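Report on the structure given below.
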Amino acid sequence: MGHNINIIVLLLFGLVNLSINAVIKNNRTYYPEGLYSPEDDVQILTVINFDATIYGSEKAWMVEFYSNWCGYCQRAAPVFKEFATDIKGWSDVVGVGALDCANDVNTPICTYFEVTKYPTFKYFHENYEEGPTNLGLRIIADSHTNVSEHRKNLVDILESEQFNGRGQIFPNLRPFNETELNKLFNIPSPNLTYAFLIIQESTDDIGPSITMDFHNVDSAVVRYSYVNDTFLKKDLFPALYVIEKDSGLQFLSIPSPSREGFKKTIVEYLTSKNVTLPEEHSYRNNSQFEIQETTSQNDTLLRQKIKAMGDVVFQGDLESSLRYSLKHEVGGAKEISGEKLKSLRAYIDVLVKYFPFSTNGKSLLNQIRTYAYSRDHIDGTEIRKLVVDADKPGKHVFSSPQQWLACRASGSAHRGYPCSLWKMFHYLTINAANAESGVKDSNPRVVLEAMYGYIKNFFSCEDCANHFVEMAGRREFYKVPSWNESILWLWRAHNEVNKRLSGDETEDPEYPKIQFPSKAYCPQCYRADDSWNEAEVLVYLKKMYSYENIRYMGSDPQVLHFDKMPMPSSSKNLKALGTNIPLVMAGMLVSFGLRGE
């Protein structure tokens with residue numbers, strides 16, 4: 001690979017080696033298949049095909065870097081699909097692609113291109129070459145950008161490309177400001193017979209968009225002029241004129257001053273002249289891995305079993321949240337300094353103190369902490385390397401593979417990491433309170449401050465982070481006076497987010513956003529008038545998120561207690577310890593529980 005990307009195969013206990021295609025397929029158990037499918041007009045990019053698709057390509061590319069769990073990416077995806085279909089006729093000169101940064105094997109690409117917030121859109125010009133400064137042109141767009149805004153962003157870039165000496169594969173997108181209209185025919189096309197001239201405002205994108213729409217019609221050319229740069233009538237615009245070669249100028253009436261209105265008129269005119277128009281370009285994805293159903297029967301049975309347990313916290317969810325956080329978000333930042341580094345140090349400090357890890361896990365966190373305090377500028381990719389190395393077979397750091405249990409979704413692109421991150425910070429807040437309550441000069445806001453700094457500086461769903469930062473300031477987290485209040489502050493904040501997202505398009509239909517805890521699981525948390533009994537809520541939260549109440553389905557007890565029990569010389573001797581090893585393969589989870597769950 002051009003980026004020196006090393007693909008690390010992450011398999012439990014190293015029982016089998018897989019090819020890179022198999023890794024992607026196997027990862028689909030934990031990472032949904034992404035937000036795009038082969039049926040969309042969006043090229044699915046992966047670590048396998050990214051370099052071959054983008055570098056040296058004869059056409060330009062507009063690429064979305066996204067994370068499948070990010071709610072704002074989920075909102076952006078349908079619009080981006082519609083946008084790709086909208087400019088489908090441009091696909092011979094501009095490709096539209098998307099890469100899922102949440103998939104572990106793709107993360108190094110996102111890091112290389114300095115993508116830390118999602119969704120991020122970038123433009124890569126034709127014949128793009130690899131280089132330390134060639135990281136693509138950032139396009140200012142987000143989850144609120146609509147189809148027409150995406151198109152305008154793109155054509156603005158295409159125009160700029162031609163002004164900068166690139167974009168020779170595109171038709172002439174510069175404004176036509178000649179006084180002699182016959183110069184419209186001064187292009188090397190022997191079949192050129194019809195020239196269309198659009199008169200528009202300088203802020204409009206109709207002209208360049210229509211030019212792109214008809215760029216592959218040999219017998220016609222489309223150009224545009226600004227209202228103030230033409231001698232043609234100015235009392236009606238946007239306006240459309242046509243000139244037949246060796247004939248005069250003709251005004252064409254358009255049904256509406258929109259792109260569709262112009263397209264309809266041009267198509268009808270050319271059809272009346274017996275011009276055969278090319279069909280829409282077929283644009284099929286060359287996805288190099290098989291799309292698998294994530295809602296298999298086994299997965300459904302597993303979710304049903306977990307839901308029947310009620311409000312529980314799994315070690316696997318906590319570890320998966322930590323692993324994703326350090327590998328993808330912290331590990332995706334090339335340079336960390338200033339406020340960002342201060343926030344990272346605060347985050348690592350609370351993890352070292354309160355995260356439920358074995359001795360080897362604590363050693364990993366202390367390694368990261370030592371590195372974070374070693375200098376004023378650090379490289380997040382070095383932290384990613386530490387975590388990737390710790391995830392190798394035989395390291396005995398993580399007790400389970402990357403997976404979601406209580407945070408498992410009913411389908412793709414729901415829950416997962418955001419759900420587990422909430423659980424992790426609830427756990428840290430409560431266990432910090434258990435450890436520090438009553439200690440003189442202890443800071444009851446220590447976890448809230450670490451969470452605030454982490455979300456603000458590292459959480460990769462940008463709009464989500466902005467919402468949280470606004471809410472945290474409005475709710476004055478920095479004034480929380482006690483340990484119990486820190487627990488309740490986070491509970492109230494979480495319920496505010498649940499209320500805001502209830503009924504949202506990103507909500508998992510099998511796991512609706514309710515006010516937590518529900519009356520079914522904690523009737524004592526509600527008064528007769530259905531208002532909260534916060535004293536009982538506090539008791540419930542402390543019990544649910546206590547260290548003693550963590551569930552270990554899917555975790556290896558030998559890793560959890562690696563410092564307290566001998567390891568056998570080979571995996572076949574594990575039965576001597578009376579332990580069943582959970583293997584997550586092809587969506588099947590064989591589980592056990594330390595408390596007979």
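The values are calculated or read from the model by the stated rules, or taken from the named source; none is laboratory data. What you see is a predicted model; the values in this text were computed from it and never measured. Quick reminder, even Gly has a Cβ in these numbers, built from the backbone with ideal geometry, and neighbours come from all protein chains shown. Accessible surface is based on the protein model in full, side chains and every heavy atom, while ligands, DNA and RNA are left aside. Shrake-Rupley method; radii C 1.70, N 1.55, O 1.52, S 1.80 Å.
Table for the structure above
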| item | result |
| --- | --- |
| Conditions (1) assigned to a helix (DSSP H, G or I); (2) open to solvent by 50 Å² or more (accessible area, probe 1.4 Å); number of the one not met by F83 | (2) |
| Which numbered condition L137 fails, given (1) open to solvent by less than 40 Å² (accessible area, probe 1.4 Å); (2) free of Cβ contacts under 8 Å to residues at least 40 places away in the same chain; (3) touching a helix residue (DSSP H, G or I) at 6+ places or on another chain (Cβ under 7 Å) | (1) |
| Yes/no for K499 being free of Cβ contacts under 8 Å to residues at least 24 places away in the same chain and of a type in the set (D, E, K, R) | yes |
| Sole exception among (1) part of a loop (DSSP other than H, G, I, E, B); (2) at pLDDT 90 or above; (3) of a type in the set (G, A, S) for G34, by number | (2) |
| Yes/no for S410 being surrounded by fewer than 21 Cβ atoms within 10 Å (Cβ to Cβ), within 20 Å of A102 (Cα to Cα) and of a type in the set (S, T, Y) | yes |
| Filter pass, N434 being surrounded by fewer than 18 Cβ atoms within 10 Å (Cβ to Cβ) and either under 28 Å from L538 (Cβ atoms) or touching a Lys or Arg at 6+ places or on another chain (Cβ under 7 Å) (or both) | yes |
| Checking P517 against (1) surrounded by 16 or more Cβ atoms within 10 Å (Cβ to Cβ); (2) part of a helix (DSSP H, G or I), the condition it does not meet | (2) |
| Which listed residue, of A52, A77, A98, is at pLDDT below 95 and either open to solvent by less than 10 Å² (accessible area, probe 1.4 Å) or in a strand (DSSP E or B) (or both) | A77 |
| Residue in region 264-280 that is open to solvent by 50 Å² or more (accessible area, probe 1.4 Å), at pLDDT 90 or above and within 21 Å of F170 (Cα to Cα) present | yes |
| Region 119-149, subset farther than 21 Å from G167 by Cβ and part of a loop (DSSP other than H, G, I, E, B), residue modelled with the lowest pLDDT | P132 |
| Test for F176: is it of a type in the set (F, W, Y), in contact with a Phe, Trp or Tyr (Cβ under 9 Å, 6 or more places away or on another chain), crowded, with 18+ Cβ neighbours inside 10 Å and part of a loop (DSSP other than H, G, I, E, B) | yes |
| Residue among Y112, Y123 that is open to solvent by 10 Å² or more (accessible area, probe 1.4 Å) and of a type in the set (S, T, Y) | Y112 |
| Check on T107, open to solvent by 10 Å² or more (accessible area, probe 1.4 Å) and either β-branched (V, I, T) or part of a helix (DSSP H, G or I) (or both) | no |
| Pairs, first farther than 17 Å from G34 by Cα in region 73-91, second among the polar types (S, T, N, Q) and open to solvent by 20 Å² or more (accessible area, probe 1.4 Å), C-beta under 8 Å, six or more apart | G89/N216 |
| Where V480 falls short, out of the listed (1) touching a Pro at 6+ places or on another chain (Cβ under 7 Å); (2) on the phi > 0 side of the Ramachandran plot | (2) |
| Residue in region 150-163 that is assigned to a loop (DSSP other than H, G, I, E, B) and not small (G, A, S) present | no |
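Here's the yes/no breakdown for (1) more than 30 Å from D463 (Cβ to Cβ); (2) open to solvent by less than 10 Å² (accessible area, probe 1.4 Å):
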site: H144; (1), (2): no, no
site: L154; (1), (2): no, yes
site: G165; (1), (2): yes, no
site: P171; (1), (2): yes, no
site: L197; (1), (2): yes, yes
site: D204; (1), (2): no, no
site: S209; (1), (2): no, yes
site: F214; (1), (2): yes, no
site: V227; (1), (2): yes, no
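For (1) over 22 Å from the mean Cα position of the chain (by Cα); (2) of a type in the set (K, R); (3) crowded, with 16+ Cβ neighbours inside 10 Å, each residue gets a yes or a no:
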residue	(1), (2), (3)
G453	no, no, yes
K456	no, yes, yes
F459	no, no, yes
E462	no, no, yes
H467	no, no, yes
E470	no, no, no
E476	yes, no, no
N484	yes, no, yes
G503	no, no, no
